[in-house]
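**Q** One structure, as structure tokens, below. Some questions next.
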Amino acid sequence: MKKIKIGLGARSYSVFIGTEILNGLPRLMDGVIEADRVAIVTDSLIGGLYLESLKWGLREAGIESCEIIISAGEEHKDLATIETIFDNLIAQDWDRWSPLIALGGGIVGDITGFAAASFMRGIPYIQVPTTLLAMVDSSVGGKTGVNHPRGKNLIGAFYQPRLVAADVGTLKSLPPVEIVAAMAEVIKYGMIGDAELFDYLETHLEKVLEADKTALMHVIARCCEIKAAIVEEDEREAGIRAILNFGHTIGHAIEQAGEYRTFRHGEAVALGMIAATELSHRLGYCKGDVPERLKTILHRAGLPERVKLSPADILKAVKIDKKRTGTQINFIFVDSIGKAFIKPFELENYLDKLTQFSIFR
Ligand SMILES: NC(=O)c1ccc[n+]([C@@H]2O[C@H](COP(=O)([O-])OP(=O)(O)OC[C@H]3O[C@@H](n4cnc5c(N)ncnc54)[C@H](O)[C@@H]3O)[C@@H](O)[C@H]2O)c1
Ligand SMILES: [Zn+2]
């Protein structure tokens, strides 16, 4: 089992990555959370697979548990689901000391975290991520929230979990497309923070895609360490944390221009990373074979390399996004594999060059 500390002073916590973690959760809670009851938030699909195992361990340790089953899918990541959770907790006379456990992917994690942040002004919660994306990204760092009809993740809070417990055994049942999409974020960590991780992926990619436990544990732990270092420096994204958005400016625009139907988030991020790396190369920020190495690994992972939208469509979506968030575009460039930097950049001045990028060919 691997253990990574997220050092945030009084809000510090550990991320455990291993096997047999579901039924052994009480051991990890020991000394961190004193609770004689917990409420597990999950969706019916994940609940059907892993709820029993989690409950068994809790029961053995004398911890009472109940479950709150929410509807799966991004369309239910909304305030109505938060209200359902509150109704359940209130009906059970929930107190401020008993934790919520998020058992599931990023959707369940974001919803549960936000419910925990706001119920009685904040109750403890534990992340038990069951998707690769949740293990490497959403369960760590304390961004919680739900969508509004006018935009994704518009309502939320920074609220750190007390514990993250990732059981890589759960990834066996995850559809391969979900592993592939999450690989875009894994490759992102290599690009922005660790040339060694990138090398490891180049040599062990197949093992990771097959959900080999040893390879997965290594990769997830490295991603969490990189994210930890960034979040420790800038918990609330005042600066450096934005580096985690590498590939996301154009990626989000691709997602939006395709109305979230054409590409999954990870696929759009893969395309965004290619564009950002080619842009870095054209501007002379990165040299040599960096774009080629990135494209090769994305291709091997089964991620897309081409988009049917036009650069003008994408630029329009970038502008809408900028208007909504009210920020200047701080674009993330790469310097070399493992090193990225943030720089204000006016993408619209670059429309003619954008058409030359390989994703549009
Ligand atoms: N908070 C953050 O920092 C952060 C970061 C990135 C993404 N996110 C959010 O995460 C969400 C996406 O998360 P996701 O990719 O994990 O998707 P998800 O939560 O929708 O899970 C994907 C699908 O897999 C199913 N599933 C989950 N675990 C499974 C398992 N072990 N076996 C079989 N099926 C399983 C789920 O029921 C779901 O249908 C988005 O809402 C996004 O906004 C948050
Ligand atoms: Zn992402």
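The values are calculated or read from the model by the stated rules, or taken from the named source; none is laboratory data. None of these values were measured; they are calculated from a predicted model. Cβ coordinates were reconstructed from backbone atoms using ideal geometry, including for glycine residues, and neighbour counts include every protein chain displayed.
**Q** For the range 61-69, check the following and say yes or no: at least one residue is in contact (Cβ under 8 Å) with a residue 12 or more places away in the chain and assigned to a helix (DSSP H, G or I). Walk me through how you get there before you give the answer.
**A** In the first step, residues of the range 61-69 are kept if they are in contact (Cβ under 8 Å) with a residue 12 or more places away in the chain; the result is 61-69.
Applying the additional criterion that residues be assigned to a helix (DSSP H, G or I) yields none.
Among the residues of the range 61-69, not one is in contact (Cβ under 8 Å) with a residue 12 or more places away in the chain and assigned to a helix (DSSP H, G or I), which makes the answer no.
**Q** Only residues that are within 15 Å of ligand 1 (Cβ to nearest atom), of a type in the set (S, T, N, Q) and more than 16 Å from the chain's Cα centre (by Cα): list them for the range 238-269, please.
**A** Q256
**Q** Then there's this: Based on this model, can you work out whether A184 counts as within 15 Å of ligand 1 (Cβ to nearest atom) and either touching a Leu at 6+ places or on another chain (Cβ under 6 Å) or under 25 Å from I240 (Cα atoms) (or both)? Walk me through it before giving the result.
**A** Values: within 15 Å of ligand 1 (Cβ to nearest atom): yes; either touching a Leu at 6+ places or on another chain (Cβ under 6 Å) or under 25 Å from I240 (Cα atoms) (or both): yes.
Spelling it out, A184 is indeed within 15 Å of ligand 1 (Cβ to nearest atom) and either touching a Leu at 6+ places or on another chain (Cβ under 6 Å) or under 25 Å from I240 (Cα atoms) (or both).
**Q** Restricted to the range 209-225, and to residues that are crowded, with 23+ Cβ neighbours inside 10 Å and among the β-branched types (V, I, T), which residue is nearest to ligand 1 (Cβ to nearest atom)?
**A** That would be I220.
**Q** Restricting the range 119-159 to residues that are among the β-branched types (V, I, T) and within 19 Å of S65 (Cβ to Cβ), which is farthest from ligand 1 (Cβ to nearest atom)? Talk me through it step by step, then tell me what you get.
**A** Quick first cut of the range 119-159, residues among the β-branched types (V, I, T) only: 123, 126, 128, 130-131, 136, 140, 144, 146, 155.
Filter once more, keeping what is within 19 Å of S65 (Cβ to Cβ): 123, 126, 128, 130.
Details: I123: 18, I126: 15, V128: 10, T130: 4 Å.
This residue is I123.
**Q** Mind checking which pairs have a first residue in the range 269-284 that is more than 17 Å from R306 (Cβ to Cβ) and away from ligand 2 (no atom under 15 Å from the Cβ) and a second that is of a type outside the set (A, V, I, L, M, F, W, C) and outside any helix (DSSP H, G or I), Cβ under 8 Å, 6 or more apart or different chains?
**A** S280/D335; H281/K287
**Q** Applying the selection to the range 24-44, what residues are part of a loop (DSSP other than H, G, I, E, B) and within 25 Å of the chain's Cα centre (by Cα)? Lay out the reasoning, then the answer.
**A** Step one: filter the range 24-44 for residues part of a loop (DSSP other than H, G, I, E, B), giving 24, 30-36.
Of everything in the range 24-44, those that are part of a loop (DSSP other than H, G, I, E, B) and within 25 Å of the chain's Cα centre (by Cα) turn out to be G24, V32, I33.
**Q** Provide a single number: the residues in the range 252-274 that are more than 21 Å from T144 (Cβ to Cβ), assigned to a helix (DSSP H, G or I) and modelled with pLDDT under 95.
**A** The number of residues fulfilling the criteria is 4.
**Q** Sticking with this structure for a sec: Can you tell me which residue is surrounded by the fewest Cβ atoms within 10 Å (Cβ to Cβ) among those in the range 290-346 that are without any contact (Cβ under 8 Å) to a residue 24 or more places away in the chain and part of a loop (DSSP other than H, G, I, E, B)?
**A** Among them, the one singled out is G326.
**Q** If E235 satisfies all but one of (1) away from ligand 1 (no atom under 16 Å from the Cβ); (2) part of a loop (DSSP other than H, G, I, E, B), what's the number of the condition it fails?
**A** (1) is the only condition that E235 fails.
**Q** For the range 289-303, which positions are among the hydrophobic types (A, V, I, L, M, F, W, C) and within 12 Å of E202 (Cβ to Cβ)?
**A** Residues of the range 289-303 among the hydrophobic types (A, V, I, L, M, F, W, C): 290, 294, 297-298, 301, 303.
Passing the criteria: L294, I297, L298, A301.
**Q** Within 21 Å of Y159 (Cβ to Cβ), touching a residue at least 24 places away in the same chain (Cβ under 8 Å) and crowded, with 20+ Cβ neighbours inside 10 Å, is that true of V41? Full working, then the answer.
**A** Details: within 21 Å of Y159 (Cβ to Cβ): yes; touching a residue at least 24 places away in the same chain (Cβ under 8 Å): yes; crowded, with 20+ Cβ neighbours inside 10 Å: yes.
Yes.
**Q** Now for a different question. Could you give every pair whose Cβ atoms fall below 7 Å, whose first residue belongs to the range 245-256 and is among the aliphatic types (A, V, I, L, M), and whose second residue is in a loop (DSSP other than H, G, I, E, B), counting only separations of at least 6 or pairs across chains?
**A** I254/F263; I254/V307; I254/L309
**Q** Is it true that some residue in the range 124-132 is buried (at least 18 other Cβ atoms within 10 Å of the Cβ), in contact with a Pro (Cβ under 8 Å, 6 or more places away or on another chain) and at positive phi? So that I can check it myself, show each step before the final result.
**A** Step one: of the range 124-132, the residues buried (at least 18 other Cβ atoms within 10 Å of the Cβ) are 124-132.
Next, only the ones that are in contact with a Pro (Cβ under 8 Å, 6 or more places away or on another chain) stay: 124-127.
From what's left, at positive phi: none.
No, the range 124-132 contains no residue that is buried (at least 18 other Cβ atoms within 10 Å of the Cβ), in contact with a Pro (Cβ under 8 Å, 6 or more places away or on another chain) and at positive phi.
**Q** Ok, one more. Just to check your reading of the model, which residue among L100, L45, L51, L58 is closer than 19 Å to T130 by Cβ and away from ligand 1 (no atom under 16 Å from the Cβ)? So that I can check it myself, show each step before the final result.
**A** Working: L100 fails: away from ligand 1 (no atom under 16 Å from the Cβ); L45 fails: away from ligand 1 (no atom under 16 Å from the Cβ); L51 fails: away from ligand 1 (no atom under 16 Å from the Cβ).
Every option except L58 fails the conditions.
**Q** Moving on to the next point. For L89, which of the numbered conditions (1) within 16 Å of ligand 1 (Cβ to nearest atom); (2) crowded, with 19+ Cβ neighbours inside 10 Å; (3) in a helix (DSSP H, G or I) fails to hold?
**A** Evaluating L89 over (1) within 16 Å of ligand 1 (Cβ to nearest atom); (2) crowded, with 19+ Cβ neighbours inside 10 Å; (3) in a helix (DSSP H, G or I) leaves (1) as the failure.
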